[in-house]
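Below is one structure, written out as structure tokens, with a few remarks after it.
Nothing in this text is a laboratory measurement; each read-out follows from the coordinates by a stated rule. Here the structure is a predicted model, which is why all the values come from computation and not from measurement. Cβ placement follows ideal geometry from the backbone for every residue including glycine, while neighbour counts extend to all protein chains displayed.
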Amino acid sequence: MALSVLSRKDKERVIRRLLIQAPPGEFVNAFDDLCLLIRDEKLMHHQGECAGHQHCQKYSVPLSIDGNPVLLSHHNVMGDFRFFDYQSKLSFKYDLLQNQLKDIQSHGIIRNETEYLRVVVLCALKLYVNDHYPKGNCNVLRKTVKSKEYLIACIEDHNYETGECWNGLWKSKWIFQVNPFLTQVTGRIYVQAHFFRCVNLHIEISKDLKESLEIVNQAQLALSFARLVEEQENKFQAAVLEELQELSNEALRRILRRDLPVTRTLIDWQRILSDLNLVMYPKLGYVIYSRSVLCNWII
């Protein structure tokens with residue numbers, strides 16, 4: 001159905017769904033492409049703001065406030081499209097399309113034992129991230145649910161190479177309750193890669209984990225938690241690399257939406273189409289999937 005015959009409400013729903021589906025690092029590109037189709041600046045701006053807010057939460061978009069990294073997620077959402085940062089004690093709105101902070105306000109926090117523990121855990125996590133990620137970011141948040149205190153640790157690293165036709169994201173989230181003696185850590189590691197040179201290929205890999213930690217004191221808990229994260233993420237990375245190593249061309253072709261020629265040679269599409277008296281505008285070529293493209297920034 002043509003966009004011109006859709007009602008405004010249907011247009012809003014379609015635009016929002018398409019923008020939310022944009023892979024990490026490609027939201028602005030998707031927005032610009034839709035603007036050319038919709039040609040309604042007011043409608044696109046409103047839907048772009050709503051979808052951008054969800055996109056930030058979904059992919060843990062990193063920011064820098066006063067030199068400190070901040071990861072946006074649904075755990076530090078305050079409502080009315082606002083986020084909160086524990087380090088700077090600021091609340092703000094973030095315009096993903098303009099890459100700009102807006103309506104920044106101070107916001108106090110309660111200084112208690114959980115807040116001191118949060119700071120200690122963040123310091124230990126930063127040491128781990130700095131040792132293992134080229135451009136990694138991390139953050140530790142607090143949350144109270146039914147009078148129970150939780151800490152949420154988030155890690156993110158990415159490499160967006162749009163000019164090379166690929167983007168990759170690694171992120172993980174770890175949650176544990178602040179208990180006196182023993183706590184259970186629930187984690188989720190997530191990797192996404194998007195290749196879009198002559199083929200639209202998405203790879204998503206995730207794993208959920210549960211581990212227990214003994215609590216002696218704050219310093220011990222922070223170090224033990226950082227070691228647990230390091231151990232589990234190393235295992236996950238090794239498993240991903242092993243699976244990719246075993247992924248043959250035949251297996252890869254089966255998961256594609258259509259068969260592609262696997263010749264390991266460059267196909268001269270221009271000559272072929274010229275023979276058919278056709279005009280081809282984009283330069284086409286055949287690219288062979290490389291594991292290093294996905295993992296060279298994670299190692």
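With N as its number of residues, the range 117-255 has a Cα radius of gyration that, divided by 2.2 N^0.38 Å, comes to 1.22. Here's the list of aspartates and glutamates a cross-link from Lys143 could span, going by alpha-carbon distance under 16 Å and ignoring same-chain residues fewer than 8 apart: Asp85, Glu113, Glu115.
From the largest down, the range 8-106 spans 41, 23, 20 angstrom on the principal axes of its Cα atoms. The calculated FRET efficiency for Val145 paired with Leu182, based on their beta-carbon distance and R0 = 25 Å, is about 0.85.
Cross-link pairs exceeding 19 Å between alpha carbons, from the set Lys9/Lys42; Lys207/Lys235; Lys11/Lys58; Lys173/Lys235: Lys11/Lys58. The 3J(HN,Hα) values that the Karplus relation (6.51, -1.76, 1.60; θ = phi - 60°) gives for the range 58-66 are, in residue order, 5, 10, 6, 4, x, 10, 10, 10, 6 Hz. Gly and Pro appear as x.
If the chain linking His45 and Glu242 were pulled fully straight, counting 0.36 nm for each residue of separation and taking away their Cα-Cα distance, it would gain 66.6 nm. Shape summary: the range 57-166 maps onto an equivalent ellipsoid whose semi-axes, from the alpha-carbon gyration tensor, are 24, 19, 12 Å in decreasing order.
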